[in-house]
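For reference, the structure discussed in these notes is given below.
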Amino acid sequence: MGIGGAVERNMSAEAEPLLAVDELTIRFGGIVALDRVSFDVHEGSILGLIGPNGAGKTTFFNILTRLYRADSGDVRFQGRSLLRVPAHEIVSLGIARTFQNVELCMRMTVLDNVLLGYHHKLATNPAYFLLAGVGWPGLSGAERRAVAEAEEMLEFVGLSGFGSRVVQGLPFGVLKAVELARALVARPRLLLLDEPAGGLSATEVAELGRLIKRINRDLKLTVLVVEHHMNLVMAISDKVVVLDFGSKIAEGTAREVQADKAVIEAYLGSDEDD
């Protein structure tokens, strides 16, 4: 087939995004939370989804993970519609997420919380696995591998040595890292980060940006991040999509989006009324 055939195959591969959002719409009563929103997320990229409060960003994540049901449109992951997939199967397809508000079991250890992200790979009831404890002699090979992977991910996010610590009372930045490790241990192809910088200090935000880039590069994960912290989004994203009142108002590189008049007005307001 030669060089021409190779180019054709590459173009075909590039044409199929990992995640395709097509005319997605959802209403809550008389409020249109998302209005015919469309964009693609290509494998290996970092896409930032931004917008003012109430723009529809977290609603979009909740549709992806089947917490909400869309009124119309479609979301396809690897060519398969997600809108007919049961919520409990989403992680098995290769999608994992963190939450805007930290969702951890505060009375459990850091390691046990991370192991919850591995539950879909284990035949053992997760409750038994966690109650048994990691030192229980009856753990299977799969369960021991789960512990090893959880510890590996804790080290990756900078929490080596934290596994035996009870979550309650740990600093907020550590809690965010635990939640991230729990998502990573699922070994997803697409990682959804819902406002990961919320509540972090400037130093922690800078560290988070470097960590997200390492996740993308070293773990070869596609990342879709919802965030209000503009400097973080603009520093890490290959492409940025901007929502306002449920509609997409801009899409492009960080530089293109920052210069877009509609984006400036959405964030800063228009001067026309002055």
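Numbers for the structure displayed
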item	result
Long-range tail of P(r) for the stretch 173-274 (Cα pairs > 18 Å, %)	52
Highest-first arrangement of 147-159, 236-248, 27-39, where packing means the average Cβ count within 10 Å	236-248, 147-159, 27-39
Mean Cβ count within 10 Å, highest first, over the residues of peptides 88-97, 209-218	88-97, 209-218
Karplus-derived HN-Hα couplings along the stretch 166-176 (A = 6.51, B = -1.76, C = 1.60, θ = phi - 60°), whole Hz, x at Gly and Pro	6, 5, 4, x, 6, x, 4, x, 5, 4, 4
Relative packing of 220-231, 185-196, 166-177, which averages over residues the other C-beta atoms within 10 Å, highest first	185-196, 220-231, 166-177
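Values quoted throughout were computed directly from the atomic coordinates according to the rules given, and no laboratory measurement underlies them. Not measured: the values here are computed from a predicted model. Quick reminder, even Gly has a Cβ in these numbers, built from the backbone with ideal geometry, and neighbours come from all protein chains shown.
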